[in-house]
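Worksheet: the structure to be examined is printed underneath.
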Amino acid sequence: MKSTAHRFKAQATAALANAELQRALHKAGGGFVDKRRAAVAAFPDFEGLRERGKRIKDHTLCHLDVYLARFAAQVEANGGKVHWAEDGEAARRIILDICRRARARSVTKAKTMVGEEIGINDALEAGGFEVVETDLGEYIIQLAKEPPSHIIAPAIHKTREQISALFDQHHHGSHTPRLREVPELVDEARQVLRNKFLGADVGITGANFLVADTGTVVLVTNEGNADLSLTLPDTHIVLAGIEKVVPTLADATTLLRLLARSATGQEISTYTTFVTGARRPDEPDGPSDYHVVLLDNGRSRMLADEFREMLRCIRCGACLNHCPVYSAIGGHAYGWVYPGPMGSVLTPQFVGLDAAYDLPNACTLNGRCQSVCPVKIPLPSLLRRLRERQFERGHTKGAARWALRAWAWLAQRPRLYRPLAGSAVRLLALLGGKRGRARRLPLDPGWTVSRDFPTGAGSTFQAQWHKRRKQGDD
Amino acid sequence: MPEPSRSPRVALFVTCLADLLRPQVGFAAVKLLEAAGCRVEVPEGQTCCGQPAYNSGDRADAAALARQTIAACEGYDYVVLPSGSCAGMLHQYPQLLADDPAWAERARRLTARTHELTSFLTDVLGAKALPPARFDHTVTYHDGCAGLRELGVKRQPRQLLAQVTGLNLIEMRDTDVCCGFGGTFCVKYPELSTRMVSDKCANIAATGAEVVLAGELGCLFNIAGRLAREGRAVKALHVAEVLAGMGDGPGIGEERS
């Protein structure tokens, strides 16, 4: 997917003005937040669980080489094949090779964000394969030819009317009465997808966790689509980032408890599947050909630098749901695969900081994302760190940089600051007059577009304080 | 730490917003602290805590302002600020100055005795000896994000407001959601900021409160400015002004009488 993160500002403005998108976001908004709150409240010591989740991920990241090697050895011992992909291009080549060797025509996919990250759908289609997304939301946006706008609810930006129109266009043409109700739409998608499942030659899934001890791939869905994607075709390909590995099954279950509650407020996802290798001789179903593609794509670089904490992310989406900026504009404005706070840290790692100037800045550092992150990623600190890199490299834009430096310069000179500040507040008070506020201000970069500016009392606290003290002394 | 018998010497770091645009917040803080038995001083040489530089990625200027603030405010029993975000900024000084062991140690000593005003009055002084205050109005309270999440300020202002005669607090929906100020955010991304502050104002208006309170002037200027533009007759005040019995004059951005 080609990044448009450099156009964030224009895209955000357009999103705010898009009535249909606003209707969809408004309808979705709050649901995840309320459900998560209830699930967390019902769990004894959720804070302790978060701390345990964080420690599991930190420990694994400290010994990532060891656990990855152990995981790979176990997969191979179980009859699977492990492929190491340094970047997206390598991963696409590996996956296309497997599909060609399997003489595949049709590929079913269970939702994978790493798949979006490497643009696997376009590559498969260019290679002549039919690709069908089997997660309902992902299927909807595949029909709409759009990227996901949320990492766990990819079609959250779509209204029911839009989905109804899409199904109309793709499933049966306008001669059949259009489906209006949600259950009808779900039923129709289920029927269409059922045939795709049965006819698929290759199934591609992501992974929520990779268990080093056993070589197990853990997958969660609420639709069972991953299970059908991986049991029905003869070939199963798992595509996962290298940061998904955890040491033991017990570690995976700790993280599962965090994941479902943080993502959707469920105690556990409807389907939690543990995949350990291809079909054994005595088993009735499952693939005979089983591959795990482990993707680096910049992750080992992050492991070595100051953004390592981001590799703890388990992709629950809680930071998106609790972000007031994401809630206002949805995911597409961010311009690449990962939106919201986690995306604002990740996207610059993938597309370059200079091509994503706004992402670290379009945030008030209010910290709500960090407060709900199941693995305690200090997202505001990481965003601030990106701002520091931008400032060091001189990316920070002209007027803003000049104004900030001027303020800092003056603030470091209290004896100059006080008289100048005194003059400035007198001037402001004059501008505000008796009303006590101004509708327009000279040199204003954006405040008075939508707000009045309270113009103050005309003299500073420090001046008044010293005057009173002096009078007191006399 | 001071002996219990002796009245603590408190440095008031008034914050640049209160200093320049709402001096009454400083005087309210002084009144509250003195009523609680503190000897209050306003150290010379205080200007800005460095937050704008720090949040814009300018670590060098933030560190310079940190050293200036430490030099101005050390040597007191406590440093108190009528702002959660500025108090939170002072708590960042040790890591900001971590490269310089001597300054980092001075920063740690300062941070250990630095408090946001309402948290100081409750958590340190036990919410006793407030000056008598009366405020016959329905109010709602906005939680500033930095105070709430960096310093855990949530219960403290409410506990203090419960002691004000005649005051009726109605909580708004999403009181802990950002108002869209965010320092330079509000002028860098005015459309996003406007959307967030409009949502905040709608939640405030839905309570029917006559007054919105907060412990953070950044939020209050943003909210008051938007309330005025929307033509809503809700007054905005810093919580210290109401606690000190100084809430009856013009609100923030309100016509001077």
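None of the figures in this text is laboratory data; all of them are computed from the coordinates on show. A quick note: this is a predicted structure, and the numbers were derived from the prediction, not measured. In this analysis, Cβ positions are derived from the backbone assuming ideal geometry, glycine residues included, and neighbour counts consider all displayed protein chains.
What are the membrane-span-like helices in chain A by this rule: whole DSSP H runs, Cα extent along the axis at least 15 Å, mean Kyte-Doolittle hydropathy at least 0.0?
Those that clear 15 Å and a mean of 0.0 are A:31-42, A:64-77, A:249-264, A:340-351, A:398-411, A:414-432.
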In Å, the C-alpha Rg and Dmax of the range A:327-444 are 18.9, 53
The long-range amide H neighbours of A:Val293, using H built 1.01 Å from N in the peptide plane and a cut-off of under 5 Å, are A:His83, A:Val238, A:Leu239, A:Ala240
How much length, in nm to one decimal, is gained on full extension between A:Arg100 and A:Glu51, taken as 0.36 nm per residue of separation minus their Cα-Cα distance?
-> 13.2 nm
Please give the length that would be gained between A:Ala42 and A:Leu416 if that part of the chain were fully extended, namely 0.36 nm times their separation in residues minus their C-alpha to C-alpha distance (nm, one decimal).
-> 129.0 nm
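Holding the Cα-Cα limit at 29 Å, pick out from A:Lys2/A:Lys54; A:Lys35/B:Lys200; A:Lys27/A:Lys57; A:Lys54/B:Lys154; A:Lys111/A:Lys397 the pairs that are longer than that.
Pairs exceeding the cut-off: A:Lys2/A:Lys54; A:Lys27/A:Lys57; A:Lys111/A:Lys397.
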Whole-number D in µm²/s for the protein assembly as shown (Stokes-Einstein; Kirkwood sum over Cα pairs; 20 °C, 1.002 mPa s) | 77 µm²/s
Size descriptor, Kirkwood hydrodynamic radius, that averages inverse alpha-carbon separations across the range A:1-145, Å = 19.7 Å
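Per DSSP helix of 4 or more residues, -39500 (n - 2.57); summed, then divided by the residues of the protein assembly as shown. What does that give at 222 nm, rounded to the nearest 500?
Values: 36 runs with 361 residues, N = 731.
Value at 222 nm, helices only, nearest 500: -14500 deg cm²/dmol.
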Can you put A:Val245, B:Val187 in order of Cβ neighbours within 10 angstrom, beginning with the fewest?
-> B:Val187, A:Val245
Shape of chain B, Cα gyration tensor, a/c cut at 1.5 | oblate
Residue exposure sequence - B:Trp103, A:Trp409 - by fewest surrounding Cβ within 10 Å | A:Trp409, B:Trp103
So how far apart, in nm, are the two label points at A:Glu188 and A:Asp87 if each is 7 Å from Cα heading toward Cβ?
-> 4.3 nm
Can you give the direction-averaged projected area of the convex hull of the alpha-carbon atoms in the range B:73-195, in nm²?
-> 9.6 nm²
Return the FRET efficiency for the residue pair B:Arg256, A:Tyr271: r is the Cβ-Cβ distance, R0 is 51 Å, and the value is rounded to the nearest 0.05.
-> 0.20
Ratio Rg/Rh, restricted to the range B:9-124 and using Cα atoms, in which Rh is the Kirkwood radius | 0.95
Calculate how many DSSP beta bridges within chain A are antiparallel, expressed in % of all such bridges and rounded to the nearest 5.
-> 30 percent
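Over 14 Å, how big is the tail of the calculated P(r) for the range A:412-473, in percent of all Cα pairs?
63 percent
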Surrounding charge for A:Leu198, neighbours by C-beta under 15 angstrom, Lys/Arg +1, Asp/Glu -1, total -1
In terms of the alpha carbon gyration tensor, root eigenvalues a ≥ b ≥ c, rounded if a/c is under 1.5 and otherwise prolate when a/b exceeds b/c or oblate, the range A:181-281 is oblate
Could you give the Stokes-Einstein D for the range A:5-300 in µm² per second, using the C-alpha Kirkwood radius, 20 °C, 1.002 mPa s?
-> 105 µm²/s
Neighbour-count ranking for A:Phe8, A:Phe274, B:Phe13, A:Phe307 (other C-beta within 10 angstrom, fewest to most) reads A:Phe274, A:Phe307, A:Phe8, B:Phe13
Nearby lysines by direct alpha-carbon distance to A:Lys81 (threshold 21 angstrom, same-chain neighbours under 8 apart not counted) = A:Lys109, A:Lys244
How much FRET efficiency would the formula 1/(1 + (r/R0)^6) give for A:Lys35 and A:Lys434, where r is the Cβ-Cβ distance and R0 is 60 Å, rounded to 0.05?
-> 0.75
Using +1 on the beta carbon of Lys and Arg, -1 on that of Asp and Glu, and nothing else charged, what's the dipole of chain A about the Cα centre, debye to 20?
-> 3240 debye
Charge tally for neighbours of B:Glu191 with beta carbon under 14 Å away, counting Lys, Arg as +1 and Asp, Glu as -1, is +3
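Evaluate Rg over Rh across the range B:138-243, taking Cα atoms for both radii and Kirkwood's formula for Rh.
Rounded to two decimals, Rg/Rh equals 0.95.
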